[in-house]
Protein chains: 2
Amino acid sequence: MPDPTGKLGHDSGHAEEASFLQAYRSQEYPKPSVTVDLVIFTVIDSDLKVLLIKRGGHPYKDCWAVPGGFVKVGDGYDDQGESLEEAAERELVEETGIEVTKHEVYLEQLYTFGKPGRDPRMRVISVAYYALVRPGLAHVVQAGTDASEAEWVSVNEMGENLAFDHDNVVGTAIQRIRGKLDYSPIGFQLVPKTFTVAELRAVYEAVQGRNYDPGNFRRRFKRMQTDGIIEPAPGKRQTLTKPAKVYRFVMGGRFPGSSA
Amino acid sequence: MPDPTGKLGHDSGHAEEASFLQAYRSQEYPKPSVTVDLVIFTVIDSDLKVLLIKRGGHPYKDCWAVPGGFVKVGDGYDDQGESLEEAAERELVEETGIEVTKHEVYLEQLYTFGKPGRDPRMRVISVAYYALVRPGLAHVVQAGTDASEAEWVSVNEMGENLAFDHDNVVGTAIQRIRGKLDYSPIGFQLVPKTFTVAELRAVYEAVQGRNYDPGNFRRRFKRMQTDGIIEPAPGKRQTLTKPAKVYRFVMGGRFPGSSA
DNA sequence: TCAAAAGTGTTGTTCATACACCCATGG
DNA sequence: CCATGGGTGTATGAACAACACTTTTGA
């Protein structure tokens, strides 16, 4: 939208017209490469994990990094390529074999990282997304990856040695989901489609990195139920001791305070 | 970060790496244009306003749009150009004459819009920022704009007829500040450096589009004071009737719940 | 003196936290 | 029977909302 012509607009014969033409002939200006990076979360064994990929080539060879790829840009007027969201979904399928619509994966734009020098080869601007994958789907990962090593890494065991500025990217993503957990329904995206109170609580504890009082959490859970956010589901869950009721997330029910 | 070489990346020797990079630099893939758009807010007459610019050229000639410009990308290894943040700051100065550091303007990345076709001329990916400008500085705008019309437009009087997808951009920005107002100190960025309780309340009302109970808001105000977020400032503010005490924002005091 | 805005008090509701407690089941 | 975890009750305090109320000023 910002447009080159807009400000200088009146195409009279000013010195500004030069830059007008330059801007319009898009090839004159150098353009950055634009990629989409994906921070993919899941919860395994009550532990928040991120999908990392071991880099096979330079730079940062043998370092762990977050999966990502170039945004497909068309080459003309007719074809302007894919959207950022589509690029992110495509990347998710390529890396994990998981399809967003089919598996009801939550995918949201996180932040755009564009500091010069973050990729030593060239100017790269990277639009980061984060995805929340249900535990049951986590296994699919092995199949989707081509040759490169992929692994679920606990956010607690993760050092500060990721490739590029991916430490920052992952850190930002963690902050985001921690912040959103309390006032948006993202917690349900990290739990099986039917779940018990304790399972949801485990997710909350994994994300926030602290313990919740079981009784208080149950009350909070009940409030969500009366608000129509969750509802009982048929069946029970077998635990170590007493079997527990299972619930499911109600897609239509609006979360309190989530007008957006 | 996603990298081209990463996935394919079986490049063996270091010697090869240089030439590999050179080879890669040749633009095999088409790249998008990347711009920075700016949603600049201020509060005038207890009304939330956005700075819009009338477009002089096509497309969307004579439509109102949000200011924006291209991100400067270097053309080589040494120079990779300016960061997104720098581009946003530069754009702010160019359009309004306001300097971020000097005038303590709040500037934050909002969202990245990249749908194909949003600019009919070419593929444009636009990283949007929003800025919060104190009322006293709003006048500077007239000076900074070159030829093109610029105007503070009330968000309430704004239709759905902005250029490109700028309706969406502005709408997203409004949502953002509405959401952040309650749990972050952004409200102080829309008020003079010293302010009264009523002035801050007016800002809150302008942003949220609803009225706050003066008594209750005062209590909330006091709580911020005991929390060390704001402190009394010397002087008084002359109002229509009874003069009011003025306060100032304490830069160091951390906002409750704003760990990030 | 009167309107308007500054400033205070009171009450009720909701929600988070802490913590004590009962109940059912598998070992 | 007994430990574990499912499930319930109660008390406290913080914060918000609604609303009545007093005080201070300029016109």
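The values are calculated or read from the model by the stated rules, or taken from the named source; none is laboratory data. In this text, all values refer to a predicted model and were calculated from it rather than measured experimentally. Every residue, glycine among them, receives a Cβ derived from its backbone with ideal geometry; neighbour counts consider all protein chains shown.
The table below lists the values:
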quantity: Residues (surrounded by 23 or more Cβ atoms within 10 Å (Cβ to Cβ) and among the aliphatic types (A, V, I, L, M)) located in the stretch A:54-83; calculated: A:Val66, A:Val71, A:Val73
quantity: Residue match in the stretch A:151-161 (condition: within 15 Å of DNA strand C (Cβ to nearest atom) and either modelled with pLDDT under 95 or not in a helix (DSSP H, G or I) (or both)); calculated: no
quantity: Members of the stretch B:171-189 that are away from DNA strand D (no atom under 15 Å from the Cβ) and either within 10 Å of another protein chain (Cβ to nearest Cβ) or more than 14 Å from B:Glu108 (Cα to Cα) (or both); calculated: B:Gly171, B:Thr172, B:Gln175, B:Arg176, B:Phe188
quantity: All positions within the stretch A:77-106 that are away from every other protein chain (no Cβ under 14 Å) and not in a helix (DSSP H, G or I); calculated: A:Gly97, A:Ile98, A:Glu99, A:Glu104, A:Val105, A:Tyr106
quantity: Among residues of the stretch A:190-213, those that are out of contact with any helix residue (DSSP H, G or I) (no Cβ under 7 Å at 6 or more places or on another chain) and within 16 Å of DNA strand D (Cβ to nearest atom), counted; calculated: 9
quantity: Pair list, Cβ under 9 Å, 6 or more apart: the stretch A:201-224 residue within 14 Å of chain B (Cβ to nearest Cβ), other residue at pLDDT below 95 and near DNA strand C (Cβ under 10 Å from one of its atoms); calculated: A:Gln208/A:Asp182
quantity: For A:Gln175: the one exception among (1) in a helix (DSSP H, G or I); (2) touching a residue at least 12 places away in the same chain (Cβ under 8 Å); (3) out of contact with any strand residue (DSSP E or B) (no Cβ under 8 Å at 6 or more places or on another chain); calculated: (2)
quantity: Residue within the stretch B:51-58 that is assigned to a strand (DSSP E or B), under 17 Å from the mean Cα position of the chain (by Cα) and more than 9 Å from chain A (Cβ to nearest Cβ) present; calculated: yes
quantity: Per-region count, the stretch B:195-252, residues loosely packed, with under 12 Cβ neighbours inside 10 Å, among the hydrophobic types (A, V, I, L, M, F, W, C) and away from DNA strand C (no atom under 12 Å from the Cβ); calculated: 1
quantity: Matching option when the condition is part of a helix (DSSP H, G or I), of a type outside the set (Phe, Trp, Tyr) and in contact (Cβ under 8 Å) with a residue 12 or more places away in the chain, among B:Val127, B:Val169; calculated: B:Val169
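Yes/no per residue for (1) of a type outside the set (Phe, Trp, Tyr); (2) more than 28 Å from A:Leu110 (Cα to Cα):
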residue: B:Phe164; (1), (2): no, no
residue: B:Lys193; (1), (2): yes, yes
residue: B:Val197; (1), (2): yes, yes
residue: B:Ala202; (1), (2): yes, yes
residue: B:Gly209; (1), (2): yes, no
residue: B:Tyr212; (1), (2): no, yes
residue: B:Arg220; (1), (2): yes, yes
residue: B:Met224; (1), (2): yes, yes
residue: B:Arg237; (1), (2): yes, yes
